[in-house]
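Enquirer: I have a structure I would like to understand better, so I am pasting it below and will then ask my questions one at a time.
Taken together, the values in this text are just the output of simple stated rules run on the coordinates, not laboratory data. Keep in mind the model is a prediction, meaning the values are calculated, not measured. Don't worry about glycine lacking a Cβ; one is built from the backbone with ideal geometry, like all the others, and counts go over all protein chains shown.
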Amino acid sequence: MTSPLNDIKTTALARRLSIAKTSLNIGKNWAKSGVTGLFLSKEERELQKHTLLQEQADYLVAELGKLKGSVVKVGQMLALYGENWLPPEVVRALHTLDAKTAPLSWQRIYEVLRGELGERVDDFEIERTPIGTASLAQVHKARHRYSGREVVLKIQYPGVAQAIDSDLSIFKQLLKVTNAVPQTKALDAWFAEIGALLHREVDYTLEANTTKRFAQYLANDERYVVPTIYDNYSSKRLICMSYEHGTPLSDTSLFALPTERKNALGQAAMELVLRELFEWGEMQTDPNFGNYLVRIDDAGDKLVLLDFGAIKQFDDKLLSIAKNLISAGFFQDQAQMQTAMTGYEFFDKLSGKPKADVASVFLLACEPFAKPDALPENTKTALLDDADRYIWAKSDLYQRVMSAAKSGMQSLEFNLPPKEMMFISRKFIGAYALLVALDARTDARVLMQPYITE
């Protein structure tokens with residue numbers, strides 16, 4: 001594990017100075033490589049360039065991890081969306097941000113706990129080593145001294161809530177300096193949407209209430225487990241909830257489950273995504289595998305849902321458009337998809353080949369939700385089993401969608417997704433990865449039956 005931090009730079013000035021120092025070090029290394037490269041062949045210079053870029057990207061990510069907070073969140077999102085326009089070395093480094101996030105020292109965490117709970121902190125025996133660290137908080141397991149109940153304490157890092165706006169400004173400045181993306185209205189809207197989500201995510205009273213609401217949504221469905229919130233030990237910067245045991249999605253024991261059990265888990269995971277979008281109008285948009293566990297049980301395996309911070313609520317307009325888009329995807333109908341692409345500037349300014357290209361990308365992304373007889377024969381043969389279930393492990397869908405987006409959207413002003421769709425696409429990307437990891441197969445007709453009229 002990365003060595004614990006004794007403190008976090010929380011003032012805008014301190015965080016800007018840290019980024020400035022990092023940028024300066026990167027600049028020095030590039031300058032040094034330019035001098036040494038004078039004596040290298042063209043092939044050696046190209047290899048040196050890619051090697052140095054990977055080293056500097058790794059260095060930048062390590063420094064961002066020390067800052068914690070919003071800069072890490074934005075970096076994680078860029079890792080998802082940046083494959084079309086960022087160097088692959090940078091994308092690879094950004095994908096490691098979770099692993100590079102160092103924990104905050106126990107002394108500093110205890111100070112936060114004492115500040116939030118006062119003497120009530122003594123009601124717990126708390127494990128000093130965190131069971132989870134992230135960009136905005138870390139989680140410690142504890143035992144309630146009087147009830148013996150096992151709980152977890154999700155503790156927000158000091159100062160990260162106050163640093164959100166300055167962090168977003170820092171990251172925009174970094175992108176501007178590196179010329180990684182054009183500074184457009186689309187970029188401004190993207191950052192504004194991220195900022196709004198982050199301000200909600202650091203309000204733990206809001207997260208606690210959302211957790212309780214999702215527990216009510218799923219109360220009668222034994223396939224899901226939602227933690228219990230203990231309000232008397234929770235605050236705006238601290239959540240106390242029941243400790244829920246389970247197996248991480250990365251654990252190889254899940255691969256050994258019988259195929260039908262893995263299929264049931266996959267079906268439950270994807271059904272949850274669709275219900276969030278089309279029934280409840282609010283979605284947990286963070287696809288991090290650490291937000292889920294599997295409780296293996298011969299009587300019925302369960303998905304344990306651990307985190308409800310990154311919740312995005314959708315208005316009726318977006319939900320109506322999203323339903324029309326996925327309906328077109330179910331029928332794999334190009335004309336229907338183009339008709340459904342309306343209601344937002346991103347869609348309405350498209351025409352001709354760019355609009356057809358975007359529609360084709362959307363149709364491809366909806367492939368797992370398409371009715372079997374709407375798919376091309378070669379796709380059915382390669383990706384559907386004898387029961388017409390979609391075989392996720394064979395699909396390489398994410399790579400195909402990214403490739404199609406890269407080749408088909410070159411004429412667009414800016415190829416980040418429109419802000420209205422950004423978090424939906426983020427969640428589906430995570431769900432696709434989860435289904436591949438489970439080696440699950442899903443039945444599109446069962447998934448789509450509640451939302452499609454044939």
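Enquirer: For GLU111, GLU276, which order do you get if you count the other beta carbons within 10 Å of each Cβ and list the fewest first?
Expert: GLU111, GLU276
Enquirer: Each label point is 7 Å from the Cα along the Cα-to-Cβ direction; what then is the distance between the points at GLU279 and THR259, in nm?
Expert: About 2.8 nm, to one decimal.
Enquirer: Report, by chain and number, residues whose modeled amide H sits under 5 Å from the one on SER234, excluding near sequence neighbours (fewer than 5 apart, same chain).
Expert: The answer is CYS240.
Enquirer: Follow-up. What order do you get for 212-225, 434-447 when each peptide is scored by the mean count of other beta carbon atoms within 10 Å, highest first?
Expert: Put in order of decreasing packing, that is 434-447, 212-225.
Enquirer: To continue, here is another question. With Cβ to Cβ distances under 10 Å as the rule, what net charge do the other residues near TYR204 carry (K, R +1; D, E -1)? Please list the in-between numbers first.
Expert: Working: positive: LYS154, LYS236, ARG237; negative: GLU116, GLU201, ASP203, GLU207.
Value of the local net charge: -1.
Enquirer: Structure shown: which of LYS312/LYS394; LYS312/LYS380; LYS185/LYS312 lie over 26 Å apart, alpha-carbon to alpha-carbon?
Expert: The answer is LYS312/LYS394; LYS312/LYS380.
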